[in-house]
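This report concerns only the one structure given below.
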Amino acid sequence: MNSFKNILLTATVLASFMLGSCGGAKLSTANEQMERGEYFDASKTYRKIYNKLTKREERALRGEVAYKMAECHRRLNQYARAAAAYQNAIRYGYGDSTLYLSLARMQHAQGQYAPAVKNYSEYLAWKPGDVLAQNGLIGARMGQEKKGATRYVVKNTKLFNSRRADYSPMYLDRSLDQIYFTSTTEKSTGTNKSEITGMKKGDIWFATKNERGEWKRPEPVEGELNTEFDEGTPAFTPDGSTMYLSRARREPNANTGVEIYTSQRSDAKWSAPVKFEITADTLSNYAHPAVSPDGQWLYFSSDMPGGSGGRDIWRINLKERAGSLENLGEWINTPGDEMFPTFRSDSVFYFSSNGHPGYGGLDIFRAELTPSGGWKVTNMGTPVNSPSDDFGMTFGEGESGFFTSNRGDNRGYDHLFSFELPELKILISGWVLDRDEEPVPNAVIRIVGNDGSNQKQLARPDGSFSFPLDRGVSYVMMAGAKGYLNAKQEFTSDIAEEDAEYGVDFILASITKPVVIDNIFYDFDKASLRPESKAALDEMAQVLRDNPNVTIEMASHTDRKGTDEYNIRLSSRRAQSVIDYLISVGIAPERLQSQGYGESRPKTITKKLAREYPQFQEGQTLTEEFILTLPEADQEVADQINRRTEFQVLSIDYRMF
């Protein structure tokens with residue numbers, strides 16, 4: 001709850017609020033309090049009147065008093081009380097045409113989305129084109145369906161908050177070591193309580209960081225800035241020398257209004273505020289100033305004529321004020337209220353609105369200037385926004401800073417909250433292994449992204465590695481090590497805004513020993529390749545493309561069955577079939593040699609084979625003599641291991657000279 005929000009959210013009191021002919025002095029007192037914007041006092045007076053209206057013939061008057069009491073509670077951000085009073089007004093037949101809309105908005109502001117949807121719909125059935133109700137219905141359904149969740153982390157900034165209302169934080173300058181805000185703490189200047197809020201009138205306070213970069217407890221600003229009036233919502237010129245602020249004027253027997261003032265800083269003290277003239281209109285309110293980062297424009301919120309309805313955001317040129325006043329237009333402003341502008345850059349600012357679709361009360365929106373000169377407006381989503389009022393955002397380092405919200409406070413008091421968007425933790429990790437699935441220590445891994453990124457690191461002694469990534473980037477990775485051929489991987493990281501870890505392994509082929517190519521299949525007693533061999537052959541071709549300076553021998557081996565001559569001929573034809581396929585997919589013939597070894601080179605069991613076939617021991621050679629000592633089932637397994645296609649690197653300097 002803060003007076004600058006509440007005053008500005010109040011329209012000029014209508015003649016229908018006058019009930020002088022319907023009651024005594026207490027009723028006229030309540031009406032006068034309401035008329036002056038003294039909602040705290042008026043709500044108490046209306047409550048006393050409401051409780052006395054018990055007769056049947058007083059039902060109509062009781063409904064009208066309930067409505068006015070609801071209006072007071074609404075402006076005090078006491079949404080539950082306001083909703084109950086609106087329901088009583090409906091119960092007693094009060095005839096205001098906007099009752100169901102008002103009730104829906106109070107339910108919306110409490111996160112009671114289902115009844116809010118019902119009452120928005122009921123109101124729209126009577127008035128189908130109402131923009132506020134239409135946007136309210138959209139927002140209530142957003143909340144009902146839990147749409148718009150973000151990764152922002154929001155925390156109550158207890159160090160800054162008092163037991164009353166604290167709101168509208170703003171950094172002094174880009175050093176980000178001083179932050180100013182408004183507080184209605186009991187320590188504020190003056191002795192009188194505000195008739196509007198029931199709290200002390202607001203003063204401007206500030207906090208600084210210590211030598212460790214930690215925030216210290218806030219204290220009131222020094223100088224002549226704070227008075228017995230309401231001062232708040234500070235904003236600063238880029239150099240931090242001039243403060244623009246809101247001040248509520250309070251005169252006897254007159255409506256309370258808000259104007260913009262300036263104060264100058266000298267030796268850490270602020271001068272007495274001086275009114276900043278925007279127009280000659282003294283009936284309108286001007287509040288929530290914000291200076292554009294280039295120092296040229298003052299943005300503010302006002303209910304002056306010529307807007308879209310409610311409170312609009314306007315701007316005026318600080319260097320040439322005459323004729324420069326302009327409304328930000330329908331991209332930003334709605335028939336509801338748009339307030340609390342703050343800047344991130346000259347083309348991006350933030351504001352709060354209860355007219356755009358939101359989660360209830362005031363929501364914070366991001367506005368970005370488009371090439372056509374308009375504004376693209378986006379709801380900041382949850383948890384920055386809540387069913388309650390959320391406003392007054394200021395940015396520090398990166399996607400972090402402070403804002404104001406009255407969430408979680410049944411009294412409707414505003415408090416300062418911090419927000420931060422944690423960096424996404426997107427990693428790619430894996431292992432560099434040899435063909436026997438043993439770690440390749442100190443392998444070099446390079447990763448290049450289409451965003452221009454280029455990273456390089458050594459695998460750990462156990463062969464593991466890990467790289468940080470960005471979202472939605474296509475990467476090419478290459479791993480290599482002394483004594484091994486290079487291996488390449490390609491992939492694209494997801495665009496989802498969530499932490500992720502990708503896994504990829506590199507299997508490196510040795511340069512110094514034969515490497516088996518798995519999944520090469522031939523028809524029985526033939527050299528023709530079967531279709532299911534294509535994947536393995538294409539992978540072999542890619543290895544040769546990734547290692548363009550390598551020449552190889554492609555060898556084929558048979559089992560012990562058949563004559564030596566037959567097995568040599570068959571294995572030679574099979575090796576040549578692989579060579580022919582590799583040539584057909586673009587590998588230079590001079591890089592390839594074929595050789596059939598028949599059964600002359602039986603396989604020696606490796607660590608990998610020993611893990612896969614525990615009946616064999618590492619280092620055993622599957623000769624015919626050894627195989628004949630095995631059970632029949634193991635003989636077939638041994639023959640299967642011996643039937644293989646493998647390659648051996650012959651040179652690594654092809655076309656290097």
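Readers should treat all values here as calculations from the given coordinates under stated rules, not as data from a laboratory. Quick caveat: nothing in here was measured; it's all calculated off a predicted structure. A quick note on method: Cβ atoms are made from the backbone with ideal geometry, for glycine too, and the neighbour counts reach across all protein chains shown.
For region 252-343, the set of trypsin sites (Lys or Arg not before Pro) satisfying both a DSSP loop assignment and a count of at most 12 other C-beta atoms within 10 Å is given as 319.
Here region 154-246 is assigned +1 on the Cβ of each Lys and Arg and -1 on the Cβ of each Asp and Glu. Its dipole about the Cα centre then comes out at about 540 debye.
Between residue 368 and residue 569, the distance separating the two model label sites (each 7 Å from Cα on the Cα→Cβ line) works out to 7.2 nm. Projected label points at residue 549 and residue 177, each 7 Å from Cα along the beta carbon direction, are separated by 5.4 nanometres. Here region 153-343 is treated as a sphere whose radius is the Kirkwood value from Cα pairs; by Stokes-Einstein at 10 °C and 1.306 mPa s it diffuses with a coefficient of 91 µm²/s.
Placing pseudo-labels 7 Å out from each Cα toward the beta carbon at residue 283 and residue 52 gives an inter-label distance of 3.3 nm.
Computing Rg and the Kirkwood Rh from the Cα coordinates of the chain gives a ratio, Rg/Rh, of 1.25. In a fully extended conformation the segment linking residue 91 and residue 423 would gain 114.3 nm over its present Cα-Cα distance, using 0.36 nm per residue. Counting only the Cα atoms, region 515-651 fills a convex hull of 116 Å³ per residue. Cross-link reach is defined here as a Cα-Cα straight distance under 20 Å, omitting same-chain residues fewer than 8 places apart; for residue 193 the lysines meeting it are 5, 44, 201. Placing unit charges on the Cβ atoms of the charged side chains and taking the dipole of the chain about its Cα centre, the candidate lying farthest along the positive direction among 302, 327, 652 is 302. Could you state the angle between the C-alpha long axis of helix 39-52 and the longest principal axis of the C-alpha atoms of the chain, as a value from 0 to 90 degrees rounded to the nearest 10? Computed tilt is about 70 degrees.
Measuring r between the beta carbons of residue 451 and residue 524 and using R0 = 56 Å, the FRET efficiency lands at 0.60. If R0 is 56 Å, the Cβ-Cβ spacing of residue 320 and residue 476 corresponds to a FRET efficiency of close to 0.55. The stretch between residue 35 and residue 505 holds 161.8 nm of extra length on full extension. This uses 0.36 nm per residue minus the Cα-Cα distance. Here the calculated FRET efficiency for residue 155 and residue 275, from their Cβ-Cβ distance with R0 = 41 Å, stands at 0.65, rounded to the nearest 0.05.
Where the centre of each part is set by its Cα atoms, how far does region 617-644 sit from region 117-174, in angstrom? First find each Cα centre; the distance between them is then 74 Å. Among 347-353, 204-210, sorting by the average number of other beta carbon atoms lying within 10 angstrom of each residue, highest first, gives 347-353, 204-210. Each pair of Cα atoms in region 522-603 enters the Kirkwood radius, and Stokes-Einstein at 4 °C and 1.567 mPa s then converts it into a translational diffusion coefficient of 98 µm²/s. Just so you know, the Rg over Rh for region 482-530 is 1.20, from Cα atoms, with Rh as the Kirkwood radius. For the peptides 614-621, 68-75, the ranking by mean Cβ contacts within 10 Å, running from highest to lowest, is 68-75, 614-621. Loop-resident trypsin sites (Lys or Arg not before Pro) (DSSP state other than H, G, I, E or B) in region 549-639 with no more than 15 further Cβ atoms inside 10 Å of their Cβ: 561. For region 406-465, the set of GluC sites (Glu not before Pro) satisfying both a DSSP loop assignment and a count of at most 11 other C-beta atoms within 10 Å is given as 423. Straight-line cross-link reach from residue 482 at under 19 Å between alpha-carbon atoms covers these aspartates and glutamates, not counting any fewer than eight positions away in the same chain: 434, 436, 437, 438, 462, 505, 546, 653. Here region 556-657 is treated with +1 on each Lys and Arg Cβ and -1 on each Asp and Glu Cβ, and its dipole about the Cα centre works out to around 400 debye.
For the chain, the longest principal axis of the Cα atoms and the long axis of helix 99-109 meet at an angle of about 50 degrees. Less than 5 angstrom separates the built amide H of residue 506 from those of 431, 432, 433, all sequence-distant by 5 or more or on a different chain. If you wrap the tightest convex hull around every Cα atom of region 396-507 and split its volume per residue, you get 138 Å³. Listing 557, 108 from fewest to most neighbouring C-beta atoms within 10 Å gives 557, 108.
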